[in-house]
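Worksheet: the structure to be examined is printed underneath.
The values are calculated or read from the model by the stated rules, or taken from the named source; none is laboratory data. In this text the structure is predicted, and so the values were computed from the model without any measurement. Here the Cβ positions follow ideal geometry from the backbone for every residue, glycine too, while neighbour counts run over all protein chains shown.
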Amino acid sequence: MTLEKKLLAEILEKLQNIELLLKIGNREVIDKFQNEIKKDRVSKRILDLADGTLSYSDLAKKVAQNEDVAEITVKKKISNLKNNGFLLTKREGNAVYYEKSDLFD
(Lines give C-alpha, C1' and ligand atoms only; values in the text may rest on other atoms or scores of the structure.)
Protein backbone atom coordinates (compact mmCIF):
# COMPACT_ATOMS: atom_id res chain seq x y z
CA MET A 1 0.00 0.00 0.00
CA THR A 2 1.42 3.34 -0.97
CA LEU A 3 1.91 6.06 1.61
CA GLU A 4 -0.88 8.11 0.03
CA LYS A 5 -3.35 5.23 0.22
CA LYS A 6 -2.35 4.51 3.80
CA LEU A 7 -2.93 8.14 4.79
CA LEU A 8 -6.29 8.19 3.02
CA ALA A 9 -7.32 4.99 4.83
CA GLU A 10 -6.36 6.55 8.19
CA ILE A 11 -8.28 9.74 7.38
CA LEU A 12 -11.33 7.71 6.35
CA GLU A 13 -11.23 5.73 9.59
CA LYS A 14 -11.02 8.93 11.65
CA LEU A 15 -13.89 10.51 9.72
CA GLN A 16 -16.02 7.42 10.28
CA ASN A 17 -15.27 7.62 14.01
CA ILE A 18 -16.26 11.30 14.05
CA GLU A 19 -19.48 10.47 12.18
CA LEU A 20 -20.32 7.78 14.72
CA LEU A 21 -19.70 10.12 17.66
CA LEU A 22 -21.89 12.79 16.08
CA LYS A 23 -24.68 10.28 15.54
CA ILE A 24 -24.46 9.11 19.13
CA GLY A 25 -24.39 12.67 20.46
CA ASN A 26 -27.39 13.70 18.36
CA ARG A 27 -29.41 10.51 18.54
CA GLU A 28 -32.52 12.16 19.99
CA VAL A 29 -32.61 14.84 17.27
CA ILE A 30 -32.01 12.28 14.54
CA ASP A 31 -34.71 9.99 15.95
CA LYS A 32 -37.17 12.91 16.04
CA PHE A 33 -36.55 13.71 12.35
CA GLN A 34 -36.73 10.03 11.40
CA ASN A 35 -40.11 9.67 13.11
CA GLU A 36 -41.43 12.77 11.33
CA ILE A 37 -40.19 11.47 7.99
CA LYS A 38 -41.73 8.03 8.54
CA LYS A 39 -45.13 9.70 9.01
CA ASP A 40 -44.77 11.69 5.77
CA ARG A 41 -45.46 9.46 2.76
CA VAL A 42 -43.83 11.89 0.29
CA SER A 43 -40.57 12.19 2.25
CA LYS A 44 -40.54 8.45 2.80
CA ARG A 45 -40.97 7.83 -0.94
CA ILE A 46 -38.16 10.29 -1.73
CA LEU A 47 -35.82 8.37 0.56
CA ASP A 48 -36.96 5.04 -0.86
CA LEU A 49 -36.11 6.17 -4.40
CA ALA A 50 -32.98 8.22 -3.64
CA ASP A 51 -30.31 5.70 -4.61
CA GLY A 52 -28.09 8.02 -6.64
CA THR A 53 -29.48 6.96 -10.02
CA LEU A 54 -32.26 9.54 -10.45
CA SER A 55 -31.58 13.17 -11.24
CA TYR A 56 -33.26 15.86 -9.16
CA SER A 57 -35.91 16.42 -11.84
CA ASP A 58 -36.54 12.71 -12.41
CA LEU A 59 -36.77 12.04 -8.68
CA ALA A 60 -39.23 14.90 -8.15
CA LYS A 61 -41.33 13.85 -11.13
CA LYS A 62 -41.43 10.18 -10.16
CA VAL A 63 -42.38 10.88 -6.54
CA ALA A 64 -45.01 13.43 -7.59
CA GLN A 65 -46.60 10.90 -9.94
CA ASN A 66 -46.42 8.00 -7.47
CA GLU A 67 -47.84 10.00 -4.57
CA ASP A 68 -50.23 12.17 -6.60
CA VAL A 69 -48.81 15.48 -5.32
CA ALA A 70 -47.42 18.58 -7.04
CA GLU A 71 -43.77 18.51 -8.09
CA ILE A 72 -43.13 21.75 -6.19
CA THR A 73 -44.22 19.97 -3.00
CA VAL A 74 -41.77 17.17 -3.68
CA LYS A 75 -38.96 19.62 -4.49
CA LYS A 76 -39.52 21.44 -1.18
CA LYS A 77 -39.35 18.15 0.68
CA ILE A 78 -36.17 17.15 -1.19
CA SER A 79 -34.63 20.46 -0.15
CA ASN A 80 -35.69 19.94 3.47
CA LEU A 81 -34.29 16.41 3.54
CA LYS A 82 -31.01 17.63 2.05
CA ASN A 83 -30.73 20.52 4.50
CA ASN A 84 -31.28 18.15 7.42
CA GLY A 85 -28.60 15.73 6.21
CA PHE A 86 -30.86 12.88 5.11
CA LEU A 87 -29.99 13.26 1.43
CA LEU A 88 -26.57 13.59 -0.18
CA THR A 89 -25.96 15.12 -3.59
CA LYS A 90 -23.66 14.16 -6.41
CA ARG A 91 -23.21 16.41 -9.42
CA GLU A 92 -22.46 15.10 -12.90
CA GLY A 93 -22.32 17.90 -15.43
CA ASN A 94 -25.55 19.86 -15.08
CA ALA A 95 -27.41 17.02 -13.38
CA VAL A 96 -27.68 16.59 -9.61
CA TYR A 97 -28.33 13.13 -8.20
CA TYR A 98 -29.57 12.34 -4.71
CA GLU A 99 -28.97 9.41 -2.44
CA LYS A 100 -30.02 8.62 1.08
CA SER A 101 -27.41 9.42 3.74
CA ASP A 102 -26.43 7.13 6.58
CA LEU A 103 -28.47 9.24 9.01
CA PHE A 104 -31.61 7.42 8.02
CA ASP A 105 -31.42 3.78 9.04
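Given the conditions (1) out of contact with any helix residue (DSSP H, G or I) (no Cβ under 9 Å at 6 or more places or on another chain); (2) of a type in the set (A, V, I, L, M, F, W, C); (3) not in a helix (DSSP H, G or I), and given that Leu21 satisfies all but one, which numbered condition is not satisfied?
Looking at each condition in turn, Leu21 falls short on (3).
Report yes if Glu28 is assigned to a helix (DSSP H, G or I), acidic (Asp, Glu) and exposed (fewer than 11 other Cβ atoms within 10 Å of the Cβ), otherwise no.
yes
Specify the residue that is farthest from the chain's Cα centre (by Cα); the eligible residues are those in the range 85-94 that are assigned to a strand (DSSP E or B) and closer than 21 Å to Asn26 by Cα.
Here the answer is Leu88.
Give the residues of the range 42-71 that are over 26 Å from Gly93 (Cα atoms), among the charged types (D, E, K, R) and at pLDDT 95 or above, sorted by residue number.
Glu67, Asp68
Check off (1) modelled with pLDDT of 85 or more; (2) surrounded by 11 or more Cβ atoms within 10 Å (Cβ to Cβ) for Leu3 and give me the number that stays unchecked.
With (1) modelled with pLDDT of 85 or more; (2) surrounded by 11 or more Cβ atoms within 10 Å (Cβ to Cβ) applied to Leu3, the lone miss is (2).
Could you tell me whether Ile37 is without any contact (Cβ under 8 Å) to a residue 40 or more places away in the chain, surrounded by 15 or more Cβ atoms within 10 Å (Cβ to Cβ), assigned to a helix (DSSP H, G or I) and not small (Gly, Ala, Ser)?
Answer is no for this residue.
Could you grab me the full set of residues in the range 55-79 that are in a helix (DSSP H, G or I), within 14 Å of the chain's Cα centre (by Cα) and farther than 13 Å from Ser43 by Cβ?
Passing the criteria: only Tyr56.
Scan the range 6-22 and give yes if some residue there is closer than 20 Å to Glu67 by Cβ and touching a residue at least 24 places away in the same chain (Cβ under 8 Å), otherwise no.
Checking the range 6-22: not a single residue is closer than 20 Å to Glu67 by Cβ and touching a residue at least 24 places away in the same chain (Cβ under 8 Å).
Do we have Lys82 as modelled with pLDDT of 95 or more and either assigned to a helix (DSSP H, G or I) or charged (D, E, K, R) (or both) here?
no
Among the residues of the range 57-105, write down those that are surrounded by fewer than 15 Cβ atoms within 10 Å (Cβ to Cβ) and at positive phi.
Residues satisfying the conditions are Asp68, Gly93.
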